[in-house]
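The values are calculated or read from the model by the stated rules, or taken from the named source; none is laboratory data. Predicted, not measured: the structure shown is a model, and the values here were computed from it. All Cβ positions, even for glycine, are placed from backbone atoms using ideal geometry, and neighbour counts span all protein chains on display. Only protein heavy atoms, including side chains, enter the accessible area calculation; ligands, DNA and RNA are left aside. Shrake-Rupley method; radii C 1.70, N 1.55, O 1.52, S 1.80 Å.
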Amino acid sequence: MIKYGLVCISNTLREADPDMAFKVMTRTQFLKLEREKGILLLSDRIFHNLNVTAETLKQCAKIGIKHYRISCKLFPLVTDPTLKIFFEEFPNIDRISQRLNEIGQIAKSLGISMSCHPDQFVVLGSNSDDVCKKSIDELNFHAWVMDQMGLPQGYAAPINIHPSLSNFESPEKFVEKFVRNFFACDIGVRNRLVLENEHHAFWSCQNLYKYFHSYIKHTYNFYFPLTLDNLHDKCNPSKNEAGEIIPYKDWFLKFYSTWNCVPTFHWSESDDNSFKHGKKVINNPPDYGLDCIYEMEYKDKDNAFKHLLNNPVSLL
């Protein structure tokens, strides 16, 4: 059985109330203000974003969505190391903390699982030690948010990232640095981190499985659960020894086996044969007779897949 997942924004909710959108703040906007005023405005926007998240969860339950990917826009600027923003400065920190806990309780009461997907600049195996340090801090912050929500410290509440680097001396050296920085992360990251195949360059399904499952398992005696993205696999397919493209079903079953719980995969389709997400669902995602969560990465958000919520899934 498939649980469909909403990614960040409910278009249905926003169409009914335009204020149900996340508020951001750029570094430039913040620096134009006196620090005290900037902190006040930023903390108000964060609290607004948390309220939008709570209402989005309720909207998910209303239409039958059972999984939600937390937006990366909840806490603008707080991980910018040059601004040195501390929660202790927020005048409404108690309300923010309480709201985070309430969001977790809402999700639990509605039977909605949650995940997050930090931005692409998170690169644990980067050639730059500064980027690695920023990546660790970013991941630690996301884990802290999930902990404040009371979400499980496990793969049932995954933090999903891409390897995001193909310019390396060797895959083994990259993995070595990645693993070293992974163990420098907080326990909330280490218990949740999963890896996703990419739409171009080296990290196809085949190489992701080879190095972040087989190689790490052999070398370090552990491995990461792997997130399967169907559109990335289509744009960056893997081939067998005969030069034939390996079918999606093969990767579904292989990636599925790397999880110790129901896996969270990504499903989307392109309107123009590129890696860009399309507006509407054309083909239903398959489950091959197994329980699976699919985060539906479509521009029309929940409007793109409402018709799937109460319809049987057809296999590809």
Quiz item: Given (1) out of contact with any helix residue (DSSP H, G or I) (no Cβ under 6 Å at 6 or more places or on another chain); (2) part of a helix (DSSP H, G or I); (3) surrounded by fewer than 20 Cβ atoms within 10 Å (Cβ to Cβ); (4) of a type outside the set (Ser, Thr, Tyr), where does Glu169 come up short, assuming only one miss?
Solution: (2)
Quiz item: Going by the conditions given, is Leu57 in contact with a strand residue (DSSP E or B) (Cβ under 7 Å, 6 or more places away or on another chain) and closer than 19 Å to Ala21 by Cα?
Solution: yes
Practice problem: State all residues of region 216-235 that are under 20 Å from the mean Cα position of the chain (by Cα), part of a loop (DSSP other than H, G, I, E, B) and not hydrophobic (A, V, I, L, M, F, W, C); if no residue qualifies, say none. | Solution: Tyr223, Pro225
Quiz item: Across region 186-202, which residue is surrounded by the fewest Cβ atoms within 10 Å (Cβ to Cβ) among those that are within 17 Å of the chain's Cα centre (by Cα) and part of a loop (DSSP other than H, G, I, E, B)?
Solution: Asn191
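Can you tell me which residue among Gln59, Gln105 is touching a Leu at 6+ places or on another chain (Cβ under 8 Å), farther than 30 Å from Gln29 by Cα and open to solvent by 10 Å² or more (accessible area, probe 1.4 Å)?
The unique qualifying residue is Gln59.
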Quiz item: What is the number of the single condition among (1) surrounded by fewer than 17 Cβ atoms within 10 Å (Cβ to Cβ); (2) touching a residue at least 60 places away in the same chain (Cβ under 8 Å) that Ser115 does not meet?
Solution: (1)
Quiz item: Here is a list of conditions, (1) outside any strand (DSSP E or B); (2) out of contact with any helix residue (DSSP H, G or I) (no Cβ under 6 Å at 6 or more places or on another chain), and Val281 meets all of them except one; can you say which number that is?
Solution: (2)
Exercise. Could you tell me which residue of region 118-141 is surrounded by the most Cβ atoms within 10 Å (Cβ to Cβ), considering only residues that are part of a loop (DSSP other than H, G, I, E, B) and within 16 Å of the chain's Cα centre (by Cα)?
Key: Leu124
Exercise. From the list Tyr220, Tyr215, pick out the single residue that is of a type in the set (Ser, Thr, Tyr), open to solvent by 10 Å² or more (accessible area, probe 1.4 Å), in contact (Cβ under 8 Å) with a residue 40 or more places away in the chain and within 14 Å of Thr258 (Cβ to Cβ).
Key: Tyr215
Self-check item: Scan of region 26-50 for residues that are under 23 Å from the mean Cα position of the chain (by Cα) and open to solvent by 10 Å² or more (accessible area, probe 1.4 Å), ordered by number
Solution: Thr26, Arg45, Phe47, His48
Quiz item: Of all residues in region 63-83, how many are under 28 Å from Gly38 (Cα atoms) and part of a loop (DSSP other than H, G, I, E, B)?
Solution: 13
